[in-house]
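The values are calculated or read from the model by the stated rules, or taken from the named source; none is laboratory data. Note that the coordinates shown come from a computational prediction; the quantities given were computed from them, not determined experimentally. Heads up, the Cβs are rebuilt from the backbone with ideal geometry, glycines too, and the neighbour counts pull from every protein chain shown. Please note that ligands, DNA and RNA were not included when accessible areas were found on the heavy atoms of the full protein model with its side chains. Shrake-Rupley method; radii C 1.70, N 1.55, O 1.52, S 1.80 Å.
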Amino acid sequence: LKRSHTHLMDSTEKLLDQINVNYNNSIITNEIGVAISGKTKVKTVLNSIVQTLEKRLDFDRGLILLADRDEQLLEFKVGFGYSDSHQRWLRHLYFNLNKPESRGIFVGSYRSQRSYLINDINEIQRNLSQRSLEFARQVGSQSFICCPIVCDGQSLGILAVDNLKSERPLVETDLRLLKGVASVLGISI
């Protein structure tokens, strides 16, 4: 009886946690819809979405990179959770989209329009270019999610989030939510 009661309590706690996640996801979806509905400038849309992600999601940091007009480079546009020095560094950072040998996650996600959920960067370090590995080390990223921003089959950029302090592993529900946000972002851009 005691084991059954303990099991029931654990199940109830997990169910309540999932209800809270679902509620928070609904709030995020609503706030993002409101944030982009009246906006006409890309920068304003990006800032609104990043503010919502920072306020509502359980990620330490996030960033949005967009392709330039010629689709040659992925450039940092906006982010949250980064120190001022990291923000300055990111503003001068770009990822070349025209190097066929590029193996970075950001460029790979952009090209393949595939999302990535990585809970331990050490597991994929041999698949990364030296520059991508240096980027991950520079920002201290260990786990992250990267989603392409796509509209009408065309890649526009990427949305990426990561955790530094949180011990919570990233899960598929996190990935699905961010895919949805990236999709709405692509349409609004």
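Here are some notes:
- Residue list for segment 1-50, restricted to those being among the small types (G, A, S) and either open to solvent by 60 Å² or more (accessible area, probe 1.4 Å) or touching a Pro at 6+ places or on another chain (Cβ under 7 Å) (or both): S4, S26, S37, G38
- Here R69 meets the list (1) under 21 Å from D162 (Cα atoms); (2) open to solvent by 80 Å² or more (accessible area, probe 1.4 Å); (3) at pLDDT 80 or above almost entirely, failing just condition (1).
- For segment 138-178, a residue qualifies if it is under 13 Å from L53 (Cα atoms) and assigned to a helix (DSSP H, G or I), and the qualifying residues are D174, L177, L178.
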